[in-house]
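J.: Let me give you the structure first, and then I'll get to my questions.
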Amino acid sequence: MKNDIENSFQQKFKNFEMTPSEGLFDAIQAKIIKKKKRAIWMWSAAMLILAGAGFTLWPQSSHKYDNLSKTLVKSETEDPTKPQIVDKASDHPGSSNKTTVTYDTKKVIKTQAKYTEQHTAQKTKNSYFEQQTASNPLEKQVQNTISSLSSKDFTTQKTSDTKQQWAKLFNKIEKENQHSDATQNTLYLGTKKQTVDGQPSLLGSSKTRTQENALVSYEKRNQPSLASAEKNTYEQVASCTIAPFPTGKLVAISKWRIQASAGVGYASRIVSATTPQYVANRNSSEKNRVSYQLGLDVIYQFSPKWNVQSGVNYTQRNEHFWHEKKTYSTQSREVERSETIIHPILGEIERTYQETIIDSTAQYEETSAKNDFHKISIPLVLERSLFTSQKWTLLAKAGVLAGIYAKHQGMLLTSAYETQTYTSVPMRTTGIHQVVLGLGAQYHLTPRISLIAYPQATLQINSSTTSKAEFSQKDWGIFTHIGLRIGL
Amino acid sequence: MQPYGSPLNKTETNIKVNLLDEQQLITGCINNDVQCQKALYQKYAPKMMGVSLRYCNSKMEAEDVLQDAFIKIFNKINTYKGIGSFEGWIRKIVVFTALKSNDKRVYKFEPGSLETMPEQSTAPKAISNMETASLLHILQELPDGYKAVFNLYAIEGYSHKEIGKMLSISDVTSRTQYSRAKQHLIKLLAKYGIENR
C-alpha cells in the first residue's frame, strides 16, 4: 500500500508538463522520412537481388534446342528409378532389335499430366508440343508424328500405320540429325534418351528396321520410388497412348570424354633442413622459372554434375641455379727498401732493409645450371559442375596425382656451401604424390566438343628426397590449363 | 536547484480529449497526414516530455527519448486498436522507450531483503509545497535503477510483478529496489531541507 510520499509524488507529477524544444517535431519528421527512404532503398535492393537470383536460378527449359550442354548433362545419367519405355521388338520372332526409351521422370510426369488433360478433352492434337515452336523440319516432323501417334489409342499402335510412322520418324532422325552417331547405342532427343541395345545398325541403317520392329509397348522397370498416384497416372497414360516425346536436338553422346590440356604456371618448392642457413643458401641460389604441365585424361560422367577423371599428367618444374664461389690466393715477395734517418749527432744516416709483402688475389668461381624436375603422375580427380548455362559450365575439381616417375636434373648447394649435382642426392624417382585443386570454365563449342580453361594448384604430399637426404623438398605450383574436352 | 523551463499546469477541462477529434487525429496519422501528426504531437508532447524527464537525467536526453517515442508512435499507430485510452498507449511507449533508449544505462539492482531497510519518513505537505521542477531535479538525482523503479511504481502505478517483467528482474528485487529508492529519495529531500515539519 502506497503511503503519503508516493501519493505526493504522484499528485505532483500527474499533470506535469514541459514544452519540448522547438524544432523537435521537424526532427521527428526528418527521421521518419529518412527511415522511409532507407526502407525504400532496402526493399528495392532486396527486390533486385531476388529478381537477379530468380533470373539466374530459374530453370531454363530443357526442351530448347540451343540448351545443349544442360540437356546433355541431364540426359546422360540414367536413373534406375525412372520409368522406362521399352520397345519389345526383341520379343518379336526373328528379330534381335531392342529399343529402350528412357525418360526423365519429372518431365514424363509433367508431360503425361498435360497429355491426360488433353486426352480427357478429346483433343486430337497434342497442344503441349504446339506450344514449342518447331524451328527446323526435323523437329516439325517429330512433332507431327508424335501428335498423330498420341491421338490414337494404344491398342491401335499395333496397326501397320503406326508402325510405319514410327519407322519414318526414326529414319528422319537418323538422316537429318547431324550430331547423331550411328556407331553409338545411345541418342538423345531433348531430355529423352534412346538406347538401341545390341543393334547399332538400327540407327545407322534404318532400312533393316522392319515395320514390325516399330511395335511399341510399355513396361515399367525399377521404379520403387514412384508414388502410387504417379504410377497409376503413368499406367493410365501408357495404356491409352504413346507418351509424347519432348522435342529437342538429337545428340549422341556417351558418359565418356577425353580431355587433353596444357598448362603454364609458376612452380616452386618448399625446402626444409635442420639448419636455417642451408635453406637460406638454397633459396639464394635457386630462382624459379616458368613451369609446364600436360594432361591427358579420360573422364567418366557418373552423374549429371559429377565426373571422375584419370589419365596421365606430366609436370616440368624449372629453376635456374646460380652460385658464386669466392676463393683467395696469397703470394709473398721480398722488397728492398731504404730510408734516411737524421741523427742529432751523426747527421744523415741511410738505412737499407728487406720487407716482405703478401699479395692476396680473390678468385670468383661462378656456377650456373638449368635445373629441371620432371614428374609423370596418374591423376585421380573428382570434378563437379557448379554452374551451367547454355554455353558455359563452371567446374571445380579435387584429387590426387599419384607419381609414377620423377627425374631431377641440375645442381644445388650442399650444407657446406659447395655445389653438387642432383644425381648425387638421394632423390625419389617414384612415389612423389601431389594433391590438385582447380576451378575452371568449360565453353561448349558443340555438344561434343568443349574448350576448357582450368586454373589449378598442385601441392606435393611427400618429399622429393628419400630419408637419407639432408633436406626435404616439396614442390607446389599454380598452373592454368587450356584444353579440349571431347565427348565420345 | 536548476529548474527546467516553465512547467505547464493545464486545467482538467483543457486536457479533456474530444473522442471524435482524437479519432480523426489517429486516422490522419495512420494515413501519414503531417498536419495530423503535428496536431497529435502538439497535443501530447508536453505531457510526454514530463514523463520522459522523470526517467532521464537531462532535458536533452529526455528530448531524444521523446523523439524516438514519437517516431515509434507514428510508425505503429495503426496497431492501436482503441482498447484503453490513447494517452495511456502513448505514455506506455514513452516509458518503454525511456527504459530501453539508453543502452549504456545499466540498471544496477542488488537483491536484498526488506528487513534491512529502515523506514524513514518525510512530510507529504512539504513535498506538496515544492515546485514540481525542483522535485523533478531531486528525482533525477536518484541513481538510474532507483529512478526507474520509483517512477514505475510510485508514479506510473505499475505493480512490482509488472516492473520485474519490464526490467527483467524478480519482483522481490523490484520491491527491494523501490524501498531503497524511497530511502534514498528521503535523504535527498532532507539534503535540500525538506523534512518532517
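J.: Please count how many residues of the stretch B:40-82 are part of a loop (DSSP other than H, G, I, E, B) and basic (K, R).
T.: Residues flagged as part of a loop (DSSP other than H, G, I, E, B) and basic (K, R) within the stretch B:40-82 amount to 1.
J.: Now for a separate question. Has the stretch A:36-46 got any residue that is facing chain B (nearest Cβ under 8 Å) and out of contact with any helix residue (DSSP H, G or I) (no Cβ under 6 Å at 6 or more places or on another chain)?
T.: No - not one qualifying residue is present in the stretch A:36-46.
J.: Within the stretch A:19-35, count every residue that is under 60 Å from the mean Cα position of the chain (by Cα), among the small types (G, A, S) and facing chain B (nearest Cβ under 7 Å).
T.: So the count comes out to 1.
J.: Also, I was wondering about something else. Just one of A:Q456, A:Q420, A:Q442, A:Q473 is assigned to a strand (DSSP E or B) and more than 31 Å from the chain's Cα centre (by Cα); which is it?
T.: Only one candidate passes the filter, namely A:Q420.
J.: State all residues of the stretch B:131-178 that are under 20 Å from A:F13 (Cβ atoms), over 13 Å from the mean Cα position of the chain (by Cα) and small (G, A, S); if no residue qualifies, say none.
T.: B:A133, B:S134, B:G145, B:S159, B:S174
J.: As an exercise: evaluate A:H320 against (1) touching a Phe, Trp or Tyr at 6+ places or on another chain (Cβ under 9 Å); (2) closer than 21 Å to A:A406 by Cα and give the number of the one condition it does not meet.
T.: A:H320 satisfies all of (1) touching a Phe, Trp or Tyr at 6+ places or on another chain (Cβ under 9 Å); (2) closer than 21 Å to A:A406 by Cα except (1).
J.: Find all pairs meeting these conditions: Cβ atoms under 6 angstrom apart; at least six residues apart or on different chains; first residue within the stretch B:68-87 and away from chain A (no Cβ under 12 Å) and surrounded by 11 or more Cβ atoms within 10 Å (Cβ to Cβ); second residue modelled with pLDDT of 90 or more and outside any loop (DSSP other than H, G, I, E, B).
T.: Close Cβ pairs satisfying both conditions: B:Y80/B:W89.
J.: Right, something else. Which one is farthest from B:V95 (Cα to Cα) among residues in the stretch B:129-174 that are polar (S, T, N, Q) and within 14 Å of chain A (Cβ to nearest Cβ)?
T.: The qualifying residue farthest from B:V95 (Cα to Cα) is B:N129.
J.: Checking A:F16 against (1) of a type in the set (F, W, Y); (2) more than 10 Å from every other protein chain (Cβ to nearest Cβ); (3) under 29 Å from B:K59 (Cα atoms), which single condition isn't satisfied?
T.: Every condition holds for A:F16 apart from (2).
J.: Right, another one. Can you name the residue in the stretch A:441-488 that is of a type in the set (G, A, S) and within 23 Å of A:T274 (Cβ to Cβ) and, of all such residues, is surrounded by the fewest Cβ atoms within 10 Å (Cβ to Cβ)?
T.: Of everything passing the filter in the stretch A:441-488, A:S467 is surrounded by the fewest Cβ atoms within 10 Å (Cβ to Cβ).
J.: Now a separate question. When you go through (1) assigned to a strand (DSSP E or B); (2) in the same structural domain as A:W476 (by TED's automatic domain parsing); (3) among the aliphatic types (A, V, I, L, M) one by one for A:I432, which number turns out not to apply?
T.: (1)
J.: Please work out if A:A267 is out of contact with any helix residue (DSSP H, G or I) (no Cβ under 6 Å at 6 or more places or on another chain) and modelled with pLDDT of 85 or more.
T.: Answer is yes for this residue.
J.: Here is a further query. Among the numbered criteria (1) loosely packed, with under 11 Cβ neighbours inside 10 Å; (2) without any contact (Cβ under 8 Å) to a residue 12 or more places away in the chain, which one does A:R351 miss?
T.: Unmet condition: (2).
J.: Right, another one. Within the stretch B:33-65, track down each residue that is within 11 Å of chain A (Cβ to nearest Cβ), of a type outside the set (S, T, Y) and touching a residue at least 40 places away in the same chain (Cβ under 8 Å).
T.: Matches in the stretch B:33-65: B:K47, B:M48, B:G50, B:V51, B:L53, B:R54, B:K59.
J.: Determine, yes or no, whether A:R337 is farther than 30 Å from A:G438 by Cα and of a type in the set (K, R).
T.: yes
J.: If I ask for residues that are touching a Leu at 6+ places or on another chain (Cβ under 8 Å) and modelled with pLDDT of 90 or more, which ones from the stretch A:316-356 would you list?
T.: Hit for the stretch A:316-356 is A:F321, nothing else.
The values are calculated or read from the model by the stated rules, or taken from the named source; none is laboratory data. Just so you know, these numbers come straight off a predicted model, no measurement behind them. Positions of Cβ are generated from backbone atoms using ideal geometry, with glycine treated the same way; all protein chains shown enter the neighbour counts.
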